[in-house]
Amino acid sequence: PMPPADEAPAPVLQVAKEEEAPMMAGKAFRAKKDMRFDDKQVLQGQLLYLREFAHTARPNRKAGDRVDFAETLYWNAGVRTDARTGEARVSFAMSDSVTTFKAFAGAVGGDGALGSAVAELESVQPFYAEPKLPLEVTSGDVVRLPVALVNGTQARLSGAGVKVELKGDVKVSGGPTLDLASQARARQLFSLEIGQEARPVDVKLTASAGEYTDVVTRTLSIKPRGFPGRVSFGGLLSAKGPAAHRVVLPQGLVPGSVRTSIAVYPGPLANMTESLARLIQEPSGCFEQTSSTTYPMTMAQQYFQTHTSVNPELVASAREKLERGYQRLVGYETSEKGYEWFGQNPGHEALTAFGLLHFTDMRQVREVDTAMLERTREWLLQQRDGQGGFNRKRRALHVWVEDADTSNAYILWTLLESAAQPASQAKELSREVASLKAAAAKSPNSYVVALAANALALAGDTAEARTLMGRLAASQGQGGVVGGATQSIVGSSGETLNIETTALAVLAWMRDPAYVGNVERAMKFLAESSDGGRYGATQSTVLALRAIIAYDKARASKLTPGLVRVYVDGRAVGEPVRFDGSTQEALKLPDVSALLGAGERRVELRMEGGAELPYSVEVTYNSVTPDSSKDTAVTLEVALAKTALTEGEPTEARVVVANRTGQRLPTAVAIFGVPGGLEVRHDQLKELVKRQVVDAYEVLGRDVVLYWRGMEPHKRIDVPLSLVAAVPGTYTGPSSRAYLYYADEHKTWSEGVKVTIAPKP
């Protein structure tokens, strides 16, 4: 489609590069039997998703401005050509890029013949500027910004120059005018000295030569230097008394790096949206980590269906994120069926059970492939060992846990929880139900007891389920946590294990009114466990949110109006935040970062009116010294082969990760922070996966995220990363870190590497 009349036309065409995945929108169609295929019909009455992406023009685009540099403009696997002409037309809006593009087409004819074609299209302007700007830098960096000026005319252009405009803590210098011969290209260098203020800035370049003008706007993300740190608190707030916490920040704070987020949650929706905001920042490179975003989003969509007055933009955003997450998740099904962290054979029984539960819940809010669900359930049923348990195939290290009781209990619970008719499914699984009943009666692990209490209740064995609920109640402390758990399906420990076990106990207790008091104490513990809306890792967050949703449905209470105010050292900050019975989203209290510094401060929340509500306080900061955990199980070393480079020169970073323990470790993660002027070679990263040096990788901003399913005792892994000097300047990379996914509160940190890149002659 053409842009509106008051907008400047954009250049011609841009098509996806092979390694870049466009955002797809799924379109579902159901057809009658024997109908011919077209874009609205499917053969054999089956449901099919036609994946199509078409770029749309930015609204309110000013004439002459170039602000849209999308790299993928169209992708469609469901195009049908005209039977008479053999041609097809597609429509999409253009980006503002000025370059050469390639369009690729592949097709299958009605007779089975294959065909393909590649077309090269050149998008040009008479005169334009072409900046090379890093996506992200660190405060204190100096960017030697190269700007190419291109004369596409047949005439000589004199006095060509560029004016650089930006707002923020950045100083700009350089850029004399020059003359451009016909069809010539020249380059100017500008110095951008990045100050201490760490926030995104828009860099506007206005290039002019004679009667020609070109305006290009790019966003430069600026991150604080040093090592990130965080302190957080949670709990229940009421009018009975203030919620007060001591916030102690270290010496050596990076100026301007302190940020606070204080929120009160009127209902489960607020909890879920905060969880999403927190979790979506973490790497999402495998099936389970993708679920860390999509599972809470699934629950949010369920909540939207039964509650009104929800922000329409939030609903739309949730739906879009869930769509992308679903498309990614189904890609992890193995060729032999079942699911695995990175989609490689063989499938993992317990992870597949987790996936079955997730997809079943997701089915309540969007279309889910019925055939996939059926074959996933059937694959799980085929893993029964005939002895009342489930097979656990030996595979490369990552097996979650070795304990048979834990694995069997988890798989059986998910099969019953996800069944349309649990009692009927229980009959088919009668041997497994009996085996779990016997195992739970003897198990000292309250995590297994909690799973069994839920599974037996679903199977109709109410008496035995109550017996197990009583054991859980006896294990509950005054603080609400259910103790006695020795391990969970993911091998978690500490607070994360307590959250998983307590949430499962809540789900069981809510089946019996005799345990109302236990539920209330447990919910208080879960509220206090909220870490900026997050509850440990993926499994613990999913189970906590399941308990919160179930508790909300059972309670069905209306919010009492009131107000909340925040105080620092007894001083009120900002205006009070009011809420009423219709409030759904989190109540965001004023930012108090300006009142926090090195040392101790007292932060209080005070409520007037209202009922008891959960809250969270999160303070993030950067310091000049690392906050590595003494309990981390892995070590990390990072270094650059050369720290003084010339533009275009390659170099290599070495990332060394080691298991400091004598035990096998599950799911290790290392993140290398790339200095702003360097670029990663994706082909080399793919080769590392192929050679099994790493199991998977992601590139998120300047972070290269490396994943391993597990690490052998005292294993040392040396990973070479190829980099290219792309933008001249002096840069410091983000701090690198390593940790275990199921114990990410214990990280080891390494100082950001530094590099100087000289302009090419």
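May I ask you to list the residues in the stretch 128-152 that are under 18 Å from SER97 (Cα atoms) and not in a strand (DSSP E or B)?
LYS132, LEU133, PRO134, LEU135, GLY152
Among the residues of the stretch 199-224 satisfying the criterion of being within 23 Å of the chain's Cα centre (by Cα) and assigned to a loop (DSSP other than H, G, I, E, B), which is farthest from SER623 (Cα to Cα)?
Looking at the filtered set, the residue picked out is PRO200.
Out of everything in the stretch 329-371 that is acidic (Asp, Glu) and not in a loop (DSSP other than H, G, I, E, B), what residue ends up being surrounded by the most Cβ atoms within 10 Å (Cβ to Cβ)?
GLU349
Could you tell me whether ALA505 is in contact with a Pro (Cβ under 6 Å, 6 or more places away or on another chain) and either crowded, with 21+ Cβ neighbours inside 10 Å or outside any helix (DSSP H, G or I) (or both)?
Considered against the rule, which asks whether it is in contact with a Pro (Cβ under 6 Å, 6 or more places away or on another chain) and either crowded, with 21+ Cβ neighbours inside 10 Å or outside any helix (DSSP H, G or I) (or both), ALA505 comes out as no.
Look through the stretch 487-501, keep the residues that are modelled with pLDDT of 90 or more and either touching a Phe, Trp or Tyr at 6+ places or on another chain (Cβ under 6 Å) or not in a helix (DSSP H, G or I) (or both), and return whichever of them is nearest to ILE411 (Cα to Cα).
Of everything passing the filter in the stretch 487-501, THR501 is nearest to ILE411 (Cα to Cα).
For the stretch 677-734, name all the residues that are in a helix (DSSP H, G or I) and either of a type in the set (Lys, Arg) or touching a Ser or Thr at 6+ places or on another chain (Cβ under 7 Å) (or both).
GLN684, LYS686, LYS690
Sort out which residues of the stretch 566-610 are under 30 Å from the mean Cα position of the chain (by Cα), at pLDDT below 90 and among the small types (Gly, Ala, Ser), and write them in order of number.
SER582, ALA586
Being charged (D, E, K, R) and either buried (at least 22 other Cβ atoms within 10 Å of the Cβ) or closer than 26 Å to VAL617 by Cβ (or both) is the filter here, so list the residues in the stretch 508-545 that pass it.
If the condition is that a residue be charged (D, E, K, R) and either buried (at least 22 other Cβ atoms within 10 Å of the Cβ) or closer than 26 Å to VAL617 by Cβ (or both), then GLU520, ARG521, LYS524, GLU528, ASP531, ARG534 are the ones that fit.
Is there a residue in the stretch 449-461 that is part of a helix (DSSP H, G or I) and either assigned by TED's automatic domain parsing to the domain that holds ASP744 or polar (S, T, N, Q) (or both)?
Among the residues of the stretch 449-461, at least one is part of a helix (DSSP H, G or I) and either assigned by TED's automatic domain parsing to the domain that holds ASP744 or polar (S, T, N, Q) (or both), which makes the answer yes.
Scan the stretch 424-464 for residues that are among the small types (Gly, Ala, Ser) and touching a Leu at 6+ places or on another chain (Cβ under 8 Å) and jot them down.
Residues satisfying the conditions are ALA426, ALA440, SER446, ALA450, ALA452, ALA453, ALA455, ALA459.
Could you tell me whether the stretch 115-136 includes any residue that is free of Cβ contacts under 8 Å to residues at least 12 places away in the same chain and not assigned by TED's automatic domain parsing to the domain that holds GLU197?
Yes; the residues of the stretch 115-136 include at least one that is free of Cβ contacts under 8 Å to residues at least 12 places away in the same chain and not assigned by TED's automatic domain parsing to the domain that holds GLU197.
Could you tell me which numbered condition HIS746 fails, if it satisfies all but one of (1) assigned to a loop (DSSP other than H, G, I, E, B); (2) at pLDDT 90 or above; (3) within 22 Å of the chain's Cα centre (by Cα); (4) not β-branched (Val, Ile, Thr)?
(2)
The values are calculated or read from the model by the stated rules, or taken from the named source; none is laboratory data. Computed from a prediction, not measured in an experiment: that's the story for all the values here. Glycine gets a Cβ as well: all are built from the backbone with ideal geometry, and neighbour counts include every protein chain shown.
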